[in-house]
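The values are calculated or read from the model by the stated rules, or taken from the named source; none is laboratory data. Quick caveat, the model's predicted, so the values are computed rather than measured. With ideal geometry, Cβ positions are generated from the backbone for all residues, glycine too; neighbour counts draw on all protein chains shown. Just the protein is used for accessible areas: all its heavy atoms, side chains included, with ligands, DNA and RNA removed. Shrake-Rupley method; radii C 1.70, N 1.55, O 1.52, S 1.80 Å.
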Amino acid sequence: MSQPIIISASPHVHSDRTSKKLMYDVVIALIPAFLVSLYVFGIGAFIVTAVAVISCLLFEYLIQKFLMKTTVTIGDGSALITGILLAFNLPSGLPIWMIIVGSLVAIGVAKLSFGGIGFNIFNPALVGRVFLLVSFPVQMTMWPTAVENNATIADAVTGATTLGMIKEGLMFGDTMTTISANLPSNLEMFLGLSGGSIGEMSGLALLLGGIYLLIRKVITWHIPVTILVTMAVMTGIFWVINPESYASPLIHVLSGGALLGAFYMATDLVTSPMTKKGMIIFAIGIAVITVVIRLFGAYPEGISFAILIMNAFVPLINTYFKPRRFGSKIKSKIV
């Protein structure tokens, strides 16, 4: 053979839709959720997002320029999205140095150690978030109260998330009827007027961005819809059986980052399956693990862990759910 075969990472399809354009479509889709976070948490949300984005871009530049000595790719938008998604998974009062550590883990460990965009097997933003949660659980679960705290950087006023209040209440023997009196309403959760990570609260904003991605064909419906429907069905079964011990499906879908994870992180083009069947299997796995952790695990939330666990299964899923090869014949059935 006169010339060697060059094996490279995706994408392989030639079109006018470059990886850069796809990345910036995701950035546009995240703008509504960012605006809601500014309203709810004010300057704290701005600082967390700015620090995460700048540090992700800086670490990618420094590592590629001086350690890897390769072409610097900070202009492709991938590090920008990693910074935004990392910020969206953090409380608005998190110390700046912790955000920088999370960015280093996301870019240096989860992305560039595998070779950069197209090679990483785990979602970088989620790796950074889970690392911070495991390393600094107290700071990562201190949630500044929504709306009341949007004009200052104070972190003294804190409140539990919706799922956190449910988990704690049930542990102390309270019923859902008693707990519900202190929970935000479904409308408040849908609009984003509740506590939590800065980018996970507003179901409306996240859905608007998700619809934009679907219209632009950046993502398909298979992963987000399957995750949300499976979660609703599973939690709905437990809720119908015992409504005093389990929260309603609507609460589970609107809280705890389910929408953020379903539309923006599970659909990562690099770390999700290639085929439609594979995407559905992948999404069902995420939903099942999330519900199991939420209902029976130590953490009130679970979608971050679920996505990372299923990221590890993507190569196996791709192996067993391959698209039909071009030029191959469909086996005819003998009647």
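Being farther than 21 Å from K20 by Cβ and either open to solvent by less than 10 Å² (accessible area, probe 1.4 Å) or touching a helix residue (DSSP H, G or I) at 6+ places or on another chain (Cβ under 7 Å) (or both) narrows it down to one of I121, I107, so name that one.
I121 is the lone residue from the list that is farther than 21 Å from K20 by Cβ and either open to solvent by less than 10 Å² (accessible area, probe 1.4 Å) or touching a helix residue (DSSP H, G or I) at 6+ places or on another chain (Cβ under 7 Å) (or both).
Looking at the stretch 221-268 only, could you name the residues that are more than 20 Å from T82 (Cα to Cα), of a type outside the set (A, V, I, L, M) and assigned to a helix (DSSP H, G or I)?
Scanning the stretch 221-268 gives H222, T226, T230, T235, G236, F238, W239, P249, H252.
Assuming G169 fulfils every condition listed in (1) modelled with pLDDT of 90 or more; (2) within 23 Å of N89 (Cβ to Cβ); (3) small (G, A, S) apart from one, which condition is it?
(2)
Out of the residues in the stretch 306-335 that are part of a helix (DSSP H, G or I) and among the hydroxyl-bearing types (S, T, Y), state the one that is modelled with the highest pLDDT.
Filtering the stretch 306-335 for residues that are part of a helix (DSSP H, G or I) and among the hydroxyl-bearing types (S, T, Y), the one modelled with the highest pLDDT comes out as T319.
Has the stretch 165-175 got at least one residue that is basic (K, R) and within 30 Å of S19 (Cβ to Cβ)?
Checked the stretch 165-175: no residue is basic (K, R) and within 30 Å of S19 (Cβ to Cβ).
From (1) open to solvent by less than 70 Å² (accessible area, probe 1.4 Å); (2) without any contact (Cβ under 8 Å) to a residue 60 or more places away in the chain, pick out the condition that doesn't hold for Y246.
(2)
Of all residues being over 18 Å from L38 (Cβ atoms) and among the small types (G, A, S) in the stretch 193-237, which is most open to solvent (accessible area, probe 1.4 Å)? Just the residue, please.
For the stretch 193-237, the residue satisfying everything is A232.
May I ask you to list the residues in the stretch 274-303 that are buried (at least 16 other Cβ atoms within 10 Å of the Cβ) and basic (K, R)?
R294
Which condition from (1) modelled with pLDDT of 90 or more; (2) open to solvent by less than 10 Å² (accessible area, probe 1.4 Å) is the one that L67 breaks?
Exception for L67: condition (2).
Only residues that are assigned to a helix (DSSP H, G or I) and either farther than 22 Å from A160 by Cβ or out of contact with any Asp or Glu (no Cβ under 9 Å at 6 or more places or on another chain) (or both): list them for the stretch 195-220, please.
Of everything in the stretch 195-220, those that are assigned to a helix (DSSP H, G or I) and either farther than 22 Å from A160 by Cβ or out of contact with any Asp or Glu (no Cβ under 9 Å at 6 or more places or on another chain) (or both) turn out to be G203, L204, A205, L207, L208, G209, G210, I211, Y212, L213, L214, I215.
Taking the stated definitions as given, is T271 hydroxyl-bearing (S, T, Y), crowded, with 20+ Cβ neighbours inside 10 Å, part of a loop (DSSP other than H, G, I, E, B) and in contact with a helix residue (DSSP H, G or I) (Cβ under 9 Å, 6 or more places away or on another chain)? Can you show your working first?
Details: hydroxyl-bearing (S, T, Y): yes; crowded, with 20+ Cβ neighbours inside 10 Å: yes; part of a loop (DSSP other than H, G, I, E, B): yes; in contact with a helix residue (DSSP H, G or I) (Cβ under 9 Å, 6 or more places away or on another chain): yes.
The answer is yes for T271.
Here is a list: S113, S92. Which entry is modelled with pLDDT under 95, hydroxyl-bearing (S, T, Y), open to solvent by 10 Å² or more (accessible area, probe 1.4 Å) and touching a helix residue (DSSP H, G or I) at 6+ places or on another chain (Cβ under 7 Å)?
Within the list S113, S92, the selection yields S92.
Does any residue in the stretch 298-309 that is more than 14 Å from S255 (Cβ to Cβ) come within less than 7 Å, Cβ to Cβ, of a residue that is of a type in the set (S, T, Y) and buried (at least 24 other Cβ atoms within 10 Å of the Cβ) six or more places away or on a different chain, and which pairs are these?
A306/T290
Show the residue pairs that are 6+ apart or on different chains and have beta-carbon atoms under 8 Å apart, the first residue being within the stretch 27-45 and over 9 Å from A205 (Cα atoms) and among the charged types (D, E, K, R), the second being open to solvent by 10 Å² or more (accessible area, probe 1.4 Å) and modelled with pLDDT under 95.
From the stretch 27-45, no pairs qualify.
Restricting to the stretch 76-126, count the residues that are among the hydrophobic types (A, V, I, L, M, F, W, C), farther than 15 Å from Y264 by Cβ and part of a helix (DSSP H, G or I).
Residues meeting the conditions: 13.
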